[in-house]
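Let me begin by presenting the structure, written as structure tokens, before commenting on it.
The values are calculated or read from the model by the stated rules, or taken from the named source; none is laboratory data. Source: prediction; values computed, not measured. Neighbour counts are summed over all protein chains in view; Cβ atoms, including those assigned to glycine, are modelled from backbone coordinates with ideal geometry. Side chains included, ligands, DNA and RNA excluded: accessible areas come from the protein's heavy atoms. Shrake-Rupley method; radii C 1.70, N 1.55, O 1.52, S 1.80 Å.
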Amino acid sequence: MRRANVLMAAAAALVLAACGGARGEAGSDDVGVTNDVIRLGMTAPLSGPGASYGDFAKGMQAYFEKVNADGGVHGRKIELIVRDDAYDPAKTVAETNRLIESDKVLAMVGGVGGATQSAVASTNNRNKVPTLLAITGLDALVEPALPYVSILQPTYGMESELWAEYIAEHHAGAKVGLLYQNDSSGKTVDGVLSKTFGADYTSQGYDTTDADVSTQITALREAGAEVVLFASAPKFATLGLLAIDRLGWKVPTLVSSVGYDSSVVENAGPAADGVVSALSVRPYQDEADPVVAEANDVVREHGKGVEPNQWTMVGVANAMIVTAILDSAGEDLDRDSLLEAHDSLVLDEGPWFGSVELSASDRVALGCFELVRLEGGEHEALGDPVCR
């Protein structure tokens, strides 16, 4: 189903082009498309507090490089231009404008982050610039549906319902504590869980500029939390797990889909043992699965400065979907044919759970999760995938 395109950069703005070529004329119907090239744009945090999420872009670029090596899409090479927004919505706006107005991209794809993509989605939609498969689960980007906007991951509302069901089954009657990122994404989770658990709930927010979350973890403990969920970036899930470990607090811990990657296990060490997380693409460690092995091989062969990890797996998946849309749009590619192909896409095989289905009313590509438990750096699947 989907494969994501990887771009890697050390600078504030990085352009990785698989092939050169003249740009489409500004304002023309085929902007971003020439006889030889399809030009796409992406913003991602290649620096700053969300820098680990830059591997999404690197995974996408690796897959696009493979597509180009195999002849491209209808004879055109995919050129992905990735610009660093440092996980800052103001920079996202500036870099998105640059990609659209100066780089003349056909579409924005795979933009990383809920708050960052919220800063540009409405304007892009109004200007009829496709902004597709953003790597976020922010409900507000797709409810109500916008014709030029879609997201890759299941919504945070969907995931919050999954966590509520898991807690009710495995920690019935427990007081739930949440550590959430103090932005639109984290507040969405906070709102759903607060409504679900009522008096048996407490929460603490953090800002991405915070150096530590020990104060928030202590507050959750003092409020009587008996199970703790992290709706956080991996860096802050790691800091929270280490803070719990320092306190000697024996409390069950859950990490949302956006908070789990290999860095959590590497940096938290034994403090990550027993953590339960939710994945919407297959675990990159499962190389006995030929789909996973193939995706990792793409990163090993075509990725630049990156080894396979959970975020490159998401990137490869996303790029696979983008490529399928481009292929379905045909040789006469423009923004209209791209949207038409996007809105009728069904994919059944790829490094995700379930299938990919997109339509004019359904702007969420993925809808299934697998729950896993971490132990000693390894993971164990907890039953069959759950689809919302």
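Miscellaneous remarks
- Test: SER277 is hydroxyl-bearing (Ser, Thr, Tyr), within 30 Å of ASP30 (Cα to Cα) and modelled with pLDDT of 95 or more: no
- Test for LEU40: is it in contact with a Pro (Cβ under 8 Å, 6 or more places away or on another chain), crowded, with 22+ Cβ neighbours inside 10 Å and under 19 Å from LEU338 (Cα atoms): no
- Subset of the range 276-293 [of a type in the set (D, E, K, R) and either open to solvent by less than 10 Å² (accessible area, probe 1.4 Å) or more than 9 Å from PRO351 (Cα to Cα) (or both)]: ASP286, GLU287, ASP289
- Counting residues in the range 84-94 that are in a helix (DSSP H, G or I), at pLDDT 95 or above and open to solvent by less than 10 Å² (accessible area, probe 1.4 Å) gives one or more.
- One residue stands out in the range 323-358 among those that are polar (S, T, N, Q) and outside any loop (DSSP other than H, G, I, E, B): the one that is surrounded by the most Cβ atoms within 10 Å (Cβ to Cβ), namely THR323.
- Flag if VAL299 is within 20 Å of PRO154 (Cα to Cα) and either open to solvent by 30 Å² or more (accessible area, probe 1.4 Å) or touching a residue at least 24 places away in the same chain (Cβ under 8 Å) (or both): no
- Residue in the range 239-251 that is of a type outside the set (A, V, I, L, M, F, W, C) and crowded, with 23+ Cβ neighbours inside 10 Å present: yes
- Some residue of the range 48-70 being in contact with an Asp or Glu (Cβ under 8 Å, 6 or more places away or on another chain), at pLDDT below 95 and not in a helix (DSSP H, G or I): yes
- Scan of the range 180-195 for residues that are farther than 13 Å from TRP163 by Cα and hydroxyl-bearing (Ser, Thr, Tyr), ordered by number: TYR180, SER184, SER185, THR188
- Only one of the numbered conditions (1) part of a loop (DSSP other than H, G, I, E, B); (2) within 22 Å of SER355 (Cβ to Cβ) is violated by PRO144, and that is (2).
- Subset tally (residues that are open to solvent by 40 Å² or more (accessible area, probe 1.4 Å) and farther than 26 Å from VAL322 by Cβ) for the range 137-170: 5
- Hey, GLU143 free of Cβ contacts under 8 Å to residues at least 12 places away in the same chain and out of contact with any Lys or Arg (no Cβ under 7 Å at 6 or more places or on another chain) or not: no
- If only residues of the range 203-222 that are touching a residue at least 24 places away in the same chain (Cβ under 8 Å) and acidic (Asp, Glu) are counted, the one that is least open to solvent (accessible area, probe 1.4 Å) is ASP210.
- Taken together, GLU349, GLU307 contain a single residue that is of a type in the set (Asp, Glu), farther than 21 Å from SER262 by Cβ and within 20 Å of the chain's Cα centre (by Cα), which is GLU349.
- Looking across the range 359-379, the residues that are open to solvent by 10 Å² or more (accessible area, probe 1.4 Å), closer than 23 Å to LEU146 by Cα, part of a loop (DSSP other than H, G, I, E, B) and out of contact with any Phe, Trp or Tyr (no Cβ under 9 Å at 6 or more places or on another chain) come down to SER359, ALA360, SER361, ASP362.
- Residues of the range 332-388 that are among the β-branched types (Val, Ile, Thr) and under 17 Å from GLY110 (Cα atoms): VAL356, VAL364.
- Scanning the range 123-136 for residues that are open to solvent by 20 Å² or more (accessible area, probe 1.4 Å) and either assigned to a strand (DSSP E or B) or touching a Lys or Arg at 6+ places or on another chain (Cβ under 8 Å) (or both) returns a single hit, LYS128.
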